[in-house]
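Working notes, structure below.
Since every read-out is calculated from the coordinates, none of them should be taken as a lab result. Just so you know, these numbers come straight off a predicted model, no measurement behind them. Note that we place each Cβ from the backbone using ideal geometry, even for glycine, and neighbour counts take in every protein chain shown.
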Amino acid sequence: MDETLLNDAFQELHSAQRVLVISHIRPDGDAVGSLLGLGLSLQALNKEVQLVLSDGIPVIFRHLPGSEQVQKQANGEFDMIVVVDCSDMKRTGDALINQPLPDINLDHHPTNTDFGKYNLVDSNAVATAEMLSEYLPRFGFPITTKVANALLFGMITDTLGFRTFNMTPKALELSARLMEAGGDLPGLYQRGLLNRTYEAARYWGVGLSNLEREGRIIWASLSMEDRRTVKYPGRDDADLISFLSTIEDTDVAIMFVEQGNGNVKVSWRSQPAYDVSQVAMHFDGGGHAAAAGASVKGDLKEIQDNVIAQTKTMLSLM
């Protein structure tokens, strides 16, 4: 990270009084944790902050302090706009309509397109929440108990409980500091990774019933009808892809989830030898080497066949 760039960005953030903080569509735990962590820290300095997610905040994250403040679109004018955990502008959805380009782009995805005035991108960080856990206290922004819980939640969920292949001693040290500041690791772990609703469990059952394998690649799909049948309220796979990635003798796992807007959400997970972010980028998506995603428009079955074929070809999984 360029130290001059980092210092300049946080000095401007310190001077700003009215700040907009946004993240990506279909937000995950790191997006929500980073959004809330930064926003609550800014509010602790008596700054006026708007927290915006184009898709709103998922029900499963509403236990986090500050989640009730999240709105779907920005209103008014701002001294600074900060985008967290978002690899490109398209993934902000409608959050930036009638707003200028972001001032700070703070992210850990290697596929980030550097769309901000200050591009603070560290692909070595396990989560954007890790970056904030380091930068906020370093530049004089408070880590309150609420901030600590938000950031720790982001780190726990993005590393699947500190067990992804990119885990580092630094990330564990920063997590310990968040615990010292009041972060409830056991409780956040339970809420973020273990708890399931009855509807989510039934949704998993549907997905697992159509699980397929070819060689060392596996995949499953969930249609709109599947979602309606089990009355699952979300638009995601209820974290089924993380379970698929634990199946033995599998190099790549893929999940296809049909959306209501004619798109299909595609998620990849892989073992360290395979970089699925390159496959995701082929479909205008992005992510990490071991975890990536894309939104593809079209028919579920046709997309499934195309994605599987491209994944096999690009990763030599014949």
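Compared with the rule-of-thumb size 2.2 N^0.38 Å for a compact globular protein, region 198-314 has a Cα radius of gyration ratio of 0.98. Restricting the calculation to alpha carbons of region 1-149 gives Rg and Dmax of 13.6, 39 angstrom. Taking the DSSP bridge list for the chain and keeping only pairs wholly inside it, about 45 percent are antiparallel.
Each residue in Phe115, Phe256, Phe139 was given a count of other beta-carbon atoms within 10 angstrom of its own, and listing them fewest first yields Phe139, Phe115, Phe256.
The aspartates and glutamates whose alpha-carbon is closer than 15 Å to the alpha-carbon of Lys90, local same-chain residues fewer than 8 away aside, are Asp55, Asp107, Asp114, Asp284.
Hey, for a label at Asn195 modelled as a point 7 Å past Cα toward Cβ, could you say which residues of region 48-92 have their backbone N under 14 Å away? Label zone hits: 58-65, 67.
Per the helix-only calculation at 222 nm, which mean residue ellipticity applies to the chain, given -39500 (n - 2.57) for every DSSP H run of n ≥ 4 and division by its residues, nearest 500 deg cm²/dmol?
Helices in the chain give a 222 nm mean residue ellipticity of -11000 deg cm²/dmol.
Past 32 Å, Cα to Cα: identify those pairs from Lys117/Lys312; Lys231/Lys301; Lys170/Lys297; Lys47/Lys170; Lys72/Lys297, in the order given. Where the Cα-Cα span goes over 32 Å, the pairs concerned are Lys117/Lys312; Lys170/Lys297. Within the chain, what's the longest stretch lacking trypsin sites (Lys or Arg not before Pro) that sit in DSSP loops with no more than 16 other Cβ atoms inside 10 Å? In short, 232-318. Please label the shape of region 274-318 as rounded, prolate or oblate, based on the square roots a ≥ b ≥ c of the eigenvalues of the alpha-carbon gyration tensor (a/c under 1.5 means rounded; beyond that, a/b larger than b/c means prolate, else oblate). Because a/c hits 1.5 or more and a/b fails to exceed b/c, region 274-318 counts as oblate. Classify region 120-188 as rounded, prolate or oblate, taking a ≥ b ≥ c as the square roots of the eigenvalues of its Cα gyration tensor: rounded when a/c is under 1.5, otherwise prolate if a/b is larger than b/c and oblate if not. Note, shape of region 120-188 comes out oblate.
Looking at region 3-68, the pairs of alpha carbons with a distance over 19 Å make up 36% of the total.
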